[in-house]
Amino acid sequence: MQNRIGFVGLGIMGKPMARNLLKAGYALTVYSRRRETVEALIAEGAQGAYSPREVGERSTVVITMVTDTPDVQQVVLGSDGILSSLPSGETIIDMSTISPTATREIAVATQTKGIHFLDAPVSGGEGGAIAGTLSIMVGGEASVFNTCLPILQAMGKNIIHVGPSGSGQLVKLCNQIAVAVTNLAMSEALIFAAKAGVNLELMHQAISGGAAGSWQLSNLAPRVFQRDFAPGFMVKLQQKDLRLVLQEADRLRLALPATSLVHNLFNALESMGAGNEGTQALVKVLERLAQVEVKI
Ligand SMILES: NC(=O)c1ccc[n+]([C@@H]2O[C@H](COP(=O)([O-])OP(=O)(O)OC[C@H]3O[C@@H](n4cnc5c(N)ncnc54)[C@H](OP(=O)(O)O)[C@@H]3O)[C@@H](O)[C@H]2O)c1
């Protein structure tokens with residue numbers, strides 16, 4: 001019998017991911033706090049629920065895609081959470097980006113109740129979620145990973161089992177280090193070009209295909225040129241991830257100078273009131289220092 005999927009958290013990422021599960025033909029029950037996002041998915045063929053508990057009652061595999069560590073703890077372990085209703089033998093897959101340490105604790109709590117647990121955070125942004133081409137890095141037991149692979153394949157392309165519980169989150173934090181530091185490198189290249197009076201469009205064309213090429217340069221720089229700071233990935237969520245990175249680095253007594261610097265600059269950006277903007281807004285901090293705007 002095909003799995004009945006539950007989905008909790010229908011934000012920028014969760015909504016298109018849930019939609020791709022519907023397109024793949026899965027029976028889907030969804031829950032999010034804002035009812036309008038639930039209604040939108042009901043209109044496309046999903047069933048709506050009023051709590052994570054109700055999602056657990058109706059599902060064999062429940063996916064969570066919420067904001068932060070306390071949110072996953074609440075929707076999984078809370079009094080009205082998935083664990084209060086999901087039958088023994090079924091599976092929870094958390095695809096949010098949260099603490100690796102808390103993830104291992106949640107995995108133990110679920111396994112104590114006979115529930116399988118995978119941490120499966122993603123990379124690829126809103127565009128990857130819509131296209132179903134996310135990279136998915138998975139921690140947990142290999143047998144559970146193999147069973148759940150077809151479900152993950154409805155949402156992503158590069159899907160790798162990276163180790164035991166918590167490993168998916170650790171690999172995701174590696175991803176976030178590379179993403180955030182590259183964003184700063186891109187922003188410095190843009191501000192340098194603007195200050196030097198270089199043609200921004202031609203500069204972008206000239207360097208995107210060479211060794212400086214990056215996802216950030218291809219996807220975020222054009223938005224900066226158009227002064228489009230709408231979020232694909234919000235500054236405040238990037239900061240949540242960098243805090244997770246720096247906490248782990250602290251535990252490991254590890255110096256990450258570039259990551260610390262980007263986190264610091266994002267603090268300044270949040271002070272400027274841009275916490276809900278996209279991470280491409282990082283350039284605004286450099287613009288203040290340079291007294292120049294990156295604009296076409
Ligand atoms: N955006 C990206 O590019 C991206 C890429 C990779 C990974 N991620 C990660 O994916 C996760 C989701 O990101 P997002 O961009 O989709 O964020 P988002 O737009 O803020 O969506 C979060 C969703 O979770 C729901 N939610 C949060 N806390 C909840 C709770 N306690 N109970 C029930 N529902 C709750 C929210 O519901 P309401 O809106 O109703 O409050 C919302 O639907 C985050 O961990 C983020 O770091 C994001």
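Please verify whether Ser84 is more than 10 Å from the ligand (Cβ to nearest atom), within 19 Å of Ser32 (Cα to Cα) and surrounded by fewer than 16 Cβ atoms within 10 Å (Cβ to Cβ), treating the condition exactly as stated. No; evaluated as a whole, the condition is false for this residue.
Considering Leu269, Leu252, the condition of being free of Cβ contacts under 8 Å to residues at least 40 places away in the same chain and over 16 Å from Ile177 (Cα atoms) is satisfied by Leu269 alone.
For segment 97-114, the candidate set comprises residues that are hydrophobic (A, V, I, L, M, F, W, C) and within 15 Å of Thr69 (Cα to Cα); within that set, the residue that is farthest from the chain's Cα centre (by Cα) is Ala109. Residues of segment 126-136 include none that is among the acidic types (Asp, Glu) and modelled with pLDDT of 95 or more.
The rows are residues; the columns are (1) within 16 Å of the ligand (Cβ to nearest atom); (2) buried (at least 18 other Cβ atoms within 10 Å of the Cβ); (3) more than 30 Å from Pro16 (Cβ to Cβ).
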{"position": "Phe192", "(1), (2), (3)": "no, no, yes"}
{"position": "Gly197", "(1), (2), (3)": "no, no, yes"}
{"position": "Arg223", "(1), (2), (3)": "yes, no, no"}
{"position": "Met234", "(1), (2), (3)": "yes, yes, no"}
{"position": "Ala258", "(1), (2), (3)": "no, no, yes"}
{"position": "Ala274", "(1), (2), (3)": "yes, yes, no"}
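Criterion first (assigned to a loop (DSSP other than H, G, I, E, B), aliphatic (A, V, I, L, M) and over 24 Å from Leu134 (Cβ atoms)) does Val198 satisfy it? It is true that Val198 is assigned to a loop (DSSP other than H, G, I, E, B), aliphatic (A, V, I, L, M) and over 24 Å from Leu134 (Cβ atoms). Being more than 9 Å from the ligand (Cβ to nearest atom) and acidic (Asp, Glu) is the filter here; which residues of segment 1-52 pass it? The answer is Glu39, Glu44.
Scanning segment 106-165 for residues being among the charged types (D, E, K, R) and away from the ligand (no atom under 16 Å from the Cβ) gives a total of 2. Looking only at segment 132-152, residues that are surrounded by 14 or more Cβ atoms within 10 Å (Cβ to Cβ), farther than 17 Å from Ser96 by Cα and free of Cβ contacts under 8 Å to residues at least 40 places away in the same chain come to 1 in all.
Return a yes/no flag: does segment 57-76 have any residue that is of a type in the set (Asp, Glu), within 12 Å of the ligand (Cβ to nearest atom) and either within 21 Å of Cys148 (Cβ to Cβ) or touching a strand residue (DSSP E or B) at 6+ places or on another chain (Cβ under 9 Å) (or both). Yes, segment 57-76 has at least one match. Across segment 236-256, the qualifying residues are those that are of a type in the set (D, E, K, R) and surrounded by 14 or more Cβ atoms within 10 Å (Cβ to Cβ), and the one among them that is farthest from the ligand (Cβ to nearest atom) is Glu248.
Collect the residues in segment 170-188 that are surrounded by 18 or more Cβ atoms within 10 Å (Cβ to Cβ) and over 17 Å from Phe233 (Cβ atoms), keeping them in residue-number order. Passing the criteria: Leu170, Val171. Restricting attention to segment 35-55, the residues that are among the charged types (D, E, K, R), touching a residue at least 24 places away in the same chain (Cβ under 8 Å) and out of contact with any Lys or Arg (no Cβ under 7 Å at 6 or more places or on another chain) add up to 2.
The values are calculated or read from the model by the stated rules, or taken from the named source; none is laboratory data. Note that the structure is a prediction, hence the values are computed from the model and not measured. Glycine also receives a Cβ, built like all others from the backbone with ideal geometry; neighbour counts cover every protein chain displayed.
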